[in-house]
Structures are given as C-alpha cells and as structure tokens.
Amino acid sequence: MNMELEMEVITVTNVIKADDLSKVYRRVKRKEGIWGSIQGLWKRSYEEKTAVNKVSLQIGKGELVGLIGPNGAGKTTLIKMLTGIIAPTSGSINVLGYYPNDLKNGFKQRYAVVMGQKSQLFFELTTNDMLRLFKEIYGMSDSDYERNRAYFTELFQVKDLLDVQVRTLSLGERMKMELMTALLHNPEILFLDEPTIGLDAIASKQIRGFLKDINKDRGTTIILTSHYMEDIKAICQRSVVINHGSIVYDGQTQELFTRYQRNKKISLAFEQPTVFKERMEPGVMLEETPYRKVISVPKENANELLYRLMTYMPKDIMIEEDDIGTVVERIYKDGDAAYE
Ligand SMILES: Nc1ncnc2c1ncn2[C@@H]1O[C@H](COP(=O)(O)OP(=O)(O)O)[C@@H](O)[C@H]1O
Ligand SMILES: [Mg+2]
C-alpha cells in the first residue's frame, strides 16, 4: 500500500510576512515661547519615537487574527505599514507578494482597509452612490457587482438604508456601509483598525458576527485591531498582543484568556452607607467608600464571593473581566512562558 497517498497534505499559504519590522516616527520638537519658535526656524530639534519595534509576523490565508494592545501600543502604525499607507523605517514586509508601500494597482485590488476612526465614505452621498463609485474604481463587472451588493445587503439587512445620505446614518449603520464598500471588490485580506470604537454593545456584537460570517463564507483573511478584549475573544482564534511596539504574545486566544485573564472585577453600589463585616479574601479591595466598593477576585472564586456580597443588598452590581492593560502586565510578570 502506498502510504503517501493516505497522508493528508496541509499547506498553509502565508499572505502576510513581516520580519523585524520597525517604524520610528520623527517629529519636530519646538521649544516653548516665541524665542523658541524663532530659534526653530534655523535650528530644529527632533524627537524620535519607536512606534513599532522589530515585529516579525506571519499570517496564513483565511486566518482571522486579533491584534490587541493598550492605547499607543503601535497597532495603527502596524496596520498602516501592512496596507502601505506608510513605509517602515526598517525590516522587510511582504503582503500577497507585494511591498505594500509601492501601492501597486495590482496590490490595491486585493486588500481592503477599514479604520474605525476615519471614514472612507462621502457623507453627502448615499451608500448606493458610493458603491457605484467603487465599482468604477475597481473596474468590476456588472455581474460581480450585483452579486456582492446583494450578498452584503442581505447579510447586513440594509436594503432600506442604501438610498439615504451617509451623514444621516447611526455609527453602527455607517460601519456596515464601510464594510460593504470596502468588501465590494472581493479583497483577499481585510484590515480593520478598531472597527467597534464608539459602538454600543449590541452594534459591536453585530459587527463581530458579520466579520466571522465573511471570514467563513468567503475565506477572507481578516486582521482586526482592538483594545477591547471582547472583540478578540468572540471571533479570533489567534491573538497577537502588542505592547510598546513589540509582540508579547502570539498564540491561541483561548490560551491567552485562560492564562492571563484571571480575575473579575466586581463593582457594587449601595443605597445606604455600608461596611463589610467580614474579610473579602481571596478578593482584593480596589476601592472602598460608604456607598461604593470595587473588588478584584480570581475568576474561580467570583461566584462564592458574589453570593456573600448579595447579603449586603447592593443597589447595583457590575462584573467585568480584566482589561488588556492588566493582561499585558501579567504576561510580563509570568516571564518568558508567555511567548510561543
Ligand atoms: N505621526 C506620528 N508622529 C509621531 N508619533 C506618532 C505618530 N503616530 C503615532 N505616533 C506614536 O506612536 C505610538 C504608537 O501609536 P499607534 O500606532 O497609533 O498606537 P495604537 O494604535 O496601538 O494606539 C504612540 O506613542 C503614538 O504617540
Ligand atoms: Mg490605534
């Protein structure tokens, strides 16, 4: 029997490969006051900031990867380099066989980028106008255009919104239109920078669901940045955690959360001034005033503690998971074990 025939061959094609990628921003530093401004005319001093520091990253076709890190970690800078908006200071970068910053037409046809903070839509036009415009820009055939338009109209349930001016849409509705116009030309990779920023919990959940569907239905590779853990946890199998420009974790999302998101934060509000008559161990009191208490507790002890806390009859209870800042701190504390 031929053994080779029985072996399943799985080949993963990398659509993104970056090695030792760095970006150093240089900005003019002006001295204070009028004299400082005048001096600056002939003698400029610069300040350098390493926003991305020797990042190496490979992403396979069809992956849905979460890029997560605190504010200022370098997420947007990394996305800008991968999409060619800015050139790296050093390192190598290959996306779909291209050097992104060359901005070749062939490259632009094959990816899309959506930035939560920056719209690519014209607010006075309607989504239908925008779609027709993008059809021309990408030179799409009528049949491809119609098919994709129908697919997204159905997926997002936006039939009634296509003919209203973009500026009248809610933020959540607008994000659907951003996605629709970005994905119209069937890009192989979709980059999203903070797509849920400013959205309420329901709209965020909806957008996350759509991304998952698009990744599954169309095999689109998706790279999504966020500083909300929920975004990543819900849909990304793989997480890349970035802090101060460097990758501090690259692995299974599930593993990231079970290992490093260990506590819950319980916040309580009281109608009457309240004093706890017992110790809250293993919980740690983070904040304690007569009307409000905040306690951090290991996940596995949260239920038992909550049960005890209920006897004090709080007016309001809020339970939160550790945020990305806390997770990053713990990755450092636990040392090398983190990065695999
Ligand atoms: N154009 C710029 N000039 C100088 N510094 C910048 C510029 N853009 C970003 N930075 C700095 O680079 C760091 C990373 O920024 P950014 O990539 O926007 O982080 P994130 O998206 O993770 O919040 C920050 O410290 C930020 O202040
Ligand atoms: Mg950012």
Next item on the list: Rounded to the nearest 500, what is the 222 nm mean residue ellipticity of the chain from helices alone, with -39500 (n - 2.57) per DSSP H run of 4+ residues and division by all residues?
Entry: -10000 deg cm²/dmol
Next item on the list: Could you tell me the accessible area of Glu146 in Å² (1.4 Å probe, neighbours in place), rounded to the nearest ten?
Entry: 100
Checklist line | Selection from Gly91, Gln261, Phe191 lying farthest towards where the dipole of the chain points positive, charges on Cβ | finding: Gly91
Next item on the list: For Asp323, Asp144, Asp231, give the ranking by accessible area with the largest first, probe 1.4 Å.
Entry: Asp323, Asp144, Asp231
Item checked: segment 49-151: Lys pairs at Cα distance under 29 angstrom, eight or more positions apart or on different chains -> 28
Notebook entry, point to check: So how long is each side of the chain along the principal axes, counting just the alpha-carbon atoms, biggest first, in Å?
Noted result: 72, 69, 62
Note to self: Exposed loop sites here are trypsin sites (Lys or Arg not before Pro) in DSSP loop states with at most 16 other C-beta atoms within 10 Å. What is the longest stretch of the chain lacking them?
What the structure shows: 105-276
Notebook entry, point to check: Distance from the Cα centre of segment 216-294 to that of segment 22-74, in angstrom?
Noted result: 28
Next item on the list: State the answer as a single residue: which of Val297, Asn215, Gln157 lies farthest towards the positive end of the charge dipole of the chain, with beta carbon charges of +1 for Lys and Arg and -1 for Asp and Glu, about the Cα centre.
Entry: Val297
Next item on the list: Provide, for segment 148-306, the number of lysine pairs with alpha carbons under 22 Å apart, each pair being eight or more places apart or on different chains.
Entry: 23
Note to self: Just to make sure I understand: if all protein chains stay in place, what is the order of His227, His185 by accessible area at 1.4 Å, largest first?
What the structure shows: His227, His185
Next item on the list: Could you state the accessible area per residue of segment 60-153 in Å², with a 1.4 Å probe and every protein chain left in place?
Entry: 47
Check: For Asn186 and Asn301, what does the FRET efficiency come to when R0 = 51 Å and r is the distance between their Cβ atoms, rounded to the nearest 0.05?
Finding: 0.55
Next item on the list: Note down the magnitude of the dipole of the chain about its Cα centre, charges +1 on Lys and Arg C-beta and -1 on Asp and Glu C-beta and zero elsewhere, to the nearest 20 debye.
Entry: 1260
Margin query: Stokes-Einstein diffusion coefficient for segment 193-328 at 20 °C in a medium of 1.002 mPa s, Rh from the Kirkwood formula over Cα pairs: what value in µm²/s?
Written below: 125
Notebook entry, point to check: Per-residue HN-Hα couplings for segment 43-53, Karplus 6.51 cos²θ - 1.76 cosθ + 1.60 at θ = phi - 60°, whole Hz, x for Gly and Pro?
Noted result: 10, 9, 10, 10, 10, 10, 9, 7, 8, 10, 10
Notebook entry, point to check: Treating the beta-carbon of each Lys and Arg as +1 and of each Asp and Glu as -1, no other charges, what is the dipole magnitude of segment 75-218 about its Cα centre, to the nearest 20 debye?
Noted result: 380
Next item on the list: Determine Rg/Rh for segment 11-139; Rg is computed over alpha-carbon atoms and Rh is the Kirkwood hydrodynamic estimate from the same atoms.
Entry: 1.08
Checklist line | Cβ-Cβ FRET estimate between Ser90 and Arg279, R0 fixed at 51 Å, reported to 0.05 | finding: 0.40
Checklist line | Carbon/sulfur fraction of accessible area - the chain, other protein chains in place, 1.4 Å, % | finding: 51
Checklist line | List Thr153, Thr225, ordered by accessible area with a 1.4 Å probe, largest first | finding: Thr153, Thr225
Check: With every protein chain in place, what's the accessible area of Tyr291 (1.4 Å probe, Å², nearest 10)?
Finding: 120
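The values are calculated or read from the model by the stated rules, or taken from the named source; none is laboratory data. Only a predicted model underlies this, so the values are computations on that prediction, with no experimental measurement involved. Cβ: placed from backbone, ideal geometry, glycine included. Neighbour counts: every protein chain shown. The accessibility values were calculated without ligands, DNA or RNA, using every heavy atom of the protein model including side chains. Shrake-Rupley method; radii C 1.70, N 1.55, O 1.52, S 1.80 Å.
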